[in-house]
């Protein structure tokens, strides 16, 4: 399996492309600009994109919808369907944020690659 190399402040992180970080319950926020970029990438207008892929939120950002099993709406075959334009929250994992479950779900973190 091809690995992505991303530099973090603590060294080098090698994504194993398992998709685990996109599985299960977890809110992913997106800005208006990120929504527009994802919509453009999928050849949709912003309103159609919001109707299909956004969950209403009480904050200035939007929440990406989840599948019935709580996986990200854009996860398919362990790959992100909007990878080139995915929200900054997704791009910044694990460099900028981790939660208590991150090391349990991410095999690259379990192996100490960050």
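Among the residues of segment 39-51, what is the count of those that are assigned to a helix (DSSP H, G or I) and either more than 15 Å from residue 74 (Cβ to Cβ) or in contact (Cβ under 8 Å) with a residue 12 or more places away in the chain (or both)?
8
Return the pair list, or none, for Cβ contacts closer than 9 Å from residues in segment 14-30 that are free of Cβ contacts under 8 Å to residues at least 40 places away in the same chain to residues that are assigned to a strand (DSSP E or B), at least 6 apart or on different chains.
If the second residue must be assigned to a strand (DSSP E or B), the pairs left are 27/55; 27/63; 27/64; 27/66.
Restrict the check to segment 52-73 and report whether at least one residue is part of a helix (DSSP H, G or I) and modelled with pLDDT of 80 or more.
Checked against the condition, which is being part of a helix (DSSP H, G or I) and modelled with pLDDT of 80 or more, segment 52-73 yields at least one hit.
Can you work out which of the residues in segment 35-53 that are out of contact with any helix residue (DSSP H, G or I) (no Cβ under 7 Å at 6 or more places or on another chain) and closer than 16 Å to residue 87 by Cα is surrounded by the fewest Cβ atoms within 10 Å (Cβ to Cβ)?
By that ranking, first place goes to 40.
Restricting attention to segment 7-30, report how many residues are out of contact with any helix residue (DSSP H, G or I) (no Cβ under 9 Å at 6 or more places or on another chain), assigned to a strand (DSSP E or B) and either surrounded by 12 or more Cβ atoms within 10 Å (Cβ to Cβ) or at pLDDT 75 or above (or both).
Residues meeting the conditions: 1.
So residue 33 clears everything in (1) outside any loop (DSSP other than H, G, I, E, B); (2) touching a strand residue (DSSP E or B) at 6+ places or on another chain (Cβ under 6 Å) except one condition, right? Which one?
Of the numbered conditions (1) outside any loop (DSSP other than H, G, I, E, B); (2) touching a strand residue (DSSP E or B) at 6+ places or on another chain (Cβ under 6 Å), the odd one out for residue 33 is (2).
The values are calculated or read from the model by the stated rules, or taken from the named source; none is laboratory data. Remember, predicted model here, so these are calculated numbers, not experimental data. Please note: Cβ atoms are built from the backbone with ideal geometry, for glycine as well, and neighbour counts cover all protein chains shown.
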